Amino acid sequence: VQLQASGGGLVQAGESLRLSCVASGNRFNINVMGWYRQAPGKQRELVAAITSGGSTNYADSVKGRFTISRDNAKNTVYLQMNSLKPEDTAVYYCNVPPGVGVMYDYWGQGTLVTVSS
């Protein structure tokens, strides 16, 4: 499975960004897709995840501000980020975890989100 993420950039606090991640090369339907982030000097953390059925899970720090969605037909997952804060600054990674039809933990190349105060 190859994951191609896009949509990062530099914004001011309070603004919005939308990240996209396209999965390709999978022979089976992907159940779970998610977004992680890693800020400088910190561990990578889960931001949000979504199943093919639409069930979602969010980190407490982004609840109410971020929305994860997906287009199963396009094998694409999105992360709409609103009311961005400087502490959201990080490299954001798309992820497909191991599961039915998915043997390994797959990661995209990362896209940098910088939020200035």
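The values are calculated or read from the model by the stated rules, or taken from the named source; none is laboratory data. If you're wondering where the values come from, they're calculated on a predicted model, not measured in any experiment. Quick reminder, even Gly has a Cβ in these numbers, built from the backbone with ideal geometry, and neighbours come from all protein chains shown. Only protein heavy atoms, including side chains, enter the accessible area calculation; ligands, DNA and RNA are left aside. Shrake-Rupley method; radii C 1.70, N 1.55, O 1.52, S 1.80 Å.
Go through region 104-114 and give me each residue that's touching a Leu at 6+ places or on another chain (Cβ under 9 Å) and either open to solvent by 40 Å² or more (accessible area, probe 1.4 Å) or over 18 Å from C21 (Cα atoms) (or both).
If the condition is that a residue be touching a Leu at 6+ places or on another chain (Cβ under 9 Å) and either open to solvent by 40 Å² or more (accessible area, probe 1.4 Å) or over 18 Å from C21 (Cα atoms) (or both), then Y106, W107, Q109, L112, T114 are the ones that fit.
Restricting the search to region 104-117, which residues are assigned to a loop (DSSP other than H, G, I, E, B) and among the small types (G, A, S)?
G108, G110, S117 - these are the residues of region 104-117 that are assigned to a loop (DSSP other than H, G, I, E, B) and among the small types (G, A, S).
Condition check ((1) in contact with a helix residue (DSSP H, G or I) (Cβ under 9 Å, 6 or more places away or on another chain); (2) at positive phi; (3) modelled with pLDDT under 95) across all residues:
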{"position": "R37", "(1), (2), (3)": "yes, no, no"}
{"position": "R44", "(1), (2), (3)": "no, no, no"}
{"position": "Y58", "(1), (2), (3)": "no, no, no"}
{"position": "I68", "(1), (2), (3)": "no, no, no"}
{"position": "S83", "(1), (2), (3)": "no, yes, no"}
{"position": "Y92", "(1), (2), (3)": "no, no, no"}
